[in-house]
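S.K.: Got a structure for you, questions after.
Since every read-out is calculated from the coordinates, none of them should be taken as a lab result. Bear in mind that the values here come from a model prediction, so they are computed numbers and not experimental data. Here the Cβ positions follow ideal geometry from the backbone for every residue, glycine too, while neighbour counts run over all protein chains shown.
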Amino acid sequence: MSYKKTIRKIHLWIGLSSGLIVCLLCLSGAMFVFAEEIMHSYNKEHLTVKPEGNRMPVDSLVNTFKAKYPTEQYFWINTYNNPQRSFDVVSGIPKEGSDMPTLKITFINPYTGKIIGEDVTSANFFFLVAHFHSQLLLGNFGLWIIRVASLIFFIELILGLILWWPRSKNQARTAFKPKYPASKKRMNHDFHRVYGFYACWLILISLITGLVMSFEWVEKPVVAAFGGSPELVGKNPPMADSQPSNKSYKSLQFIFEEFEKSYPENYKLTLMAIQPNAINSQFILLDTDDRFLHLYGDNQILNRYTGRQLDTPLVAEFEKNQDILEGSLDIHMGTVGGLPTQILAVCVGLFGASLPVTGFIIWRNRSKKKQDK
């Protein structure tokens, strides 16, 4: 068996084994690209409020939410220094017999503390889409299915490039442009082979950035290449030390007021729920966008006793790694260049989903041809 025939066999059989998962992975990724924009459009009547004096303390708003929804799991509150912007709390409604809660966004008037709207429909839908994209809604087992399928897809693209590579001038004439007019079989062949060649470079970028977020052995060299600390990948960040019992924590309102002093209008401050294993530390996120579920940006760890950012060098190294991961996520989701790259990301996802389909049709047509002979 020749070298190219061996490559073709491997390309075929690993493609058949993973094609369905790859198709679902690409489709769910394309669906999530405009998730935040759709959620904002769905909740547009809840996003703005009329300024009425001073805003209530953030601690009071959080306590009001927890008192009204005592059974829900509080995740974080998004606060804004735009005086006309409502605040929103992201929480989870427990589901009987499931470890995955129903995601909900609750909109609060920061001047009155009144609940002005709730969103379970769009928030939970895209929450499920995101988890399907990363885990097939199957937890750790699904995570490994996605990881293996992604690696196979990467190999598939490389093998496809090898098979595409023209071996003569005559082949080169048809390798870069489709035949027109052509039969349905030829159109399908050209869609998979010719257009696939042009699209595979963008698909590879999206795929590699996804692998960066899935495997530490991929993330470490990427982090190192961009000036991060690969030795910290997969490790927990440092936390604030305990203080004497008579020393109290700074309030969330103190943190919010410091944020308002330091950042211009249209910034967002996300205050995460206090974790039981890090009770002396407050995780926050500072960002220019107002995306509800986006947890990348200027991530900081504050000492709750001082309300200030931890100043150890190790914290700065962790935050540098986080910035690199954010860049990888922006490229993966197409948000790095705004609307044009988001549209491109949707197209890349849809084309990626089509490759297993057009490849399967090529294989089926060849199998029928052999049977006829």
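S.K.: Hey, what did the chain get for relative contact order, percent, Cα under 8 Å, at least 6 apart?
M.R.: For the chain, the relative contact order is 22 percent.
S.K.: While we're here: Which net charge results for the neighbourhood of Asn299, defined as the other residues with beta-carbon distances under 13 angstrom from its beta-carbon, given Lys and Arg at +1 and Asp and Glu at -1?
M.R.: -4
S.K.: List, in the order given, every pair from Lys235/Lys268; Lys5/Lys177; Lys9/Lys185; Lys68/Lys320 whose Cα-Cα distance in the structure shown is over 32 Å.
M.R.: Pairs exceeding the cut-off: Lys68/Lys320.
S.K.: Here's something else I'd like to know. Expressed as cubic angstrom per residue, what is the convex hull volume of the alpha carbon set of region 1-159?
M.R.: 128
S.K.: In region 1-86, if the dipole is taken from +1 on Lys/Arg beta carbons and -1 on Asp/Glu beta carbons about the Cα centre, which of Ala67, Phe32, Val49 is farthest to the positive end?
M.R.: Ranked along the dipole, the leading option is Phe32.
S.K.: How much mean residue ellipticity at 222 nm does the chain get from its helices, if each DSSP H run of length 4 or more adds -39500 (n - 2.57) and you divide by all residues, to the nearest 500 deg cm²/dmol?
M.R.: Rounded to the nearest 500, it is -18500 deg cm²/dmol.
S.K.: Here are labelled values, [x] 21.0; [y] 23.6; [z] 21.6, and one is the computed Kirkwood radius over Cα pairs in Å for what I pasted. Which one?
M.R.: It is the one labelled [y].
S.K.: Taking 0.36 nm per intervening residue step and subtracting the Cα-Cα distance, what contour gain separates Ser245 from Asp59 on full extension?
M.R.: 64.8 nm
S.K.: Taking GluC sites (Glu not before Pro) as candidate sites, keep only those in a DSSP loop with at most 14 other Cβ atoms within 10 Å, then name the longest stretch of the chain containing none of them.
M.R.: Longest gap between qualifying sites, sites excluded: 97-264.
S.K.: In the neighborhood of Ser229, defined by Cβ-to-Cβ distances under 14 Å, what is the net charge if each Lys or Arg adds +1 and each Asp or Glu adds -1?
M.R.: My count for the surroundings of Ser229 gives -3.
S.K.: Given Cβ point charges of +1 (Lys, Arg) and -1 (Asp, Glu) and nothing else, what value in debye, to the nearest 20, does the dipole of the chain about its Cα centre take?
M.R.: 3060
S.K.: Lys/Arg Cβ at +1, Asp/Glu Cβ at -1, dipole of the chain taken about the Cα centre: which of Ser98, Val315, Pro244 is farthest positive-ward?
M.R.: Farthest towards the positive pole: Ser98.
S.K.: With springs only between Cα atoms under 10 Å, which of Lys44, Lys169, Lys185 fluctuates most in a Gaussian network model of the chain?
M.R.: Lys169
S.K.: Based only on Cα atoms, what Rg/Rh ratio does region 139-202 have, Rh being taken as Kirkwood's radius?
M.R.: 1.14
S.K.: Next question. Measure off 7 Å from each Cα along the Cα-to-Cβ vector at Thr174 and Ile361, then give the distance between these two points in nanometres to one decimal.
M.R.: 1.8
S.K.: Ok, one more. Note down, for region 244-373, the three equivalent ellipsoid semi-axes (square root of 5 times each alpha carbon gyration tensor eigenvalue), biggest first, whole angstrom.
M.R.: 49, 17, 12
S.K.: Could you work out which residue, out of Thr121, Thr174, Thr335, moves most in a Gaussian network model of the chain, that is, has the largest mean-square fluctuation with Cα springs under 10 Å?
M.R.: Of the options given, Thr174 has the highest mean-square fluctuation.
S.K.: Placing +1 at every Lys and Arg Cβ and -1 at every Asp and Glu Cβ, with all other atoms neutral, what dipole size does region 11-159 have around its Cα centre, in debye to the nearest 20?
M.R.: 240
S.K.: If one computes the Cα centroid of region 204-234 and of region 40-63, what distance in Å separates the two points?
M.R.: With region 204-234 and region 40-63 each reduced to a Cα centre, they are spaced 38 Å.
S.K.: While we're looking at this one, here's another question. Would you list the membrane-span-like helices of the chain, meaning whole DSSP H runs whose alpha-carbon atoms span at least 18 Å along their axis and whose mean Kyte-Doolittle value is at least -1.0?
M.R.: Passing helices, by number: 3-32, 121-135, 139-164, 184-214, 313-333, 339-372.
S.K.: For each pair in Lys179/Lys369; Lys4/Lys368; Lys50/Lys250, compute the distance between the two Cα atoms and list the pairs where it is over 25 Å.
M.R.: Over 25 Å Cα-Cα: Lys50/Lys250.
S.K.: If you take the charge dipole of region 77-187 about its Cα centre, with +1 on Lys and Arg Cβ and -1 on Asp and Glu Cβ, which of Ser122, Phe107, Ile152 is farthest toward its positive end?
M.R.: Ile152
S.K.: Now for a different question. Taking the chain as a Gaussian network, where each spring joins two C-alpha atoms under 10 Å apart, which residue of Val89, Val346, Val218 fluctuates the most?
M.R.: Val218
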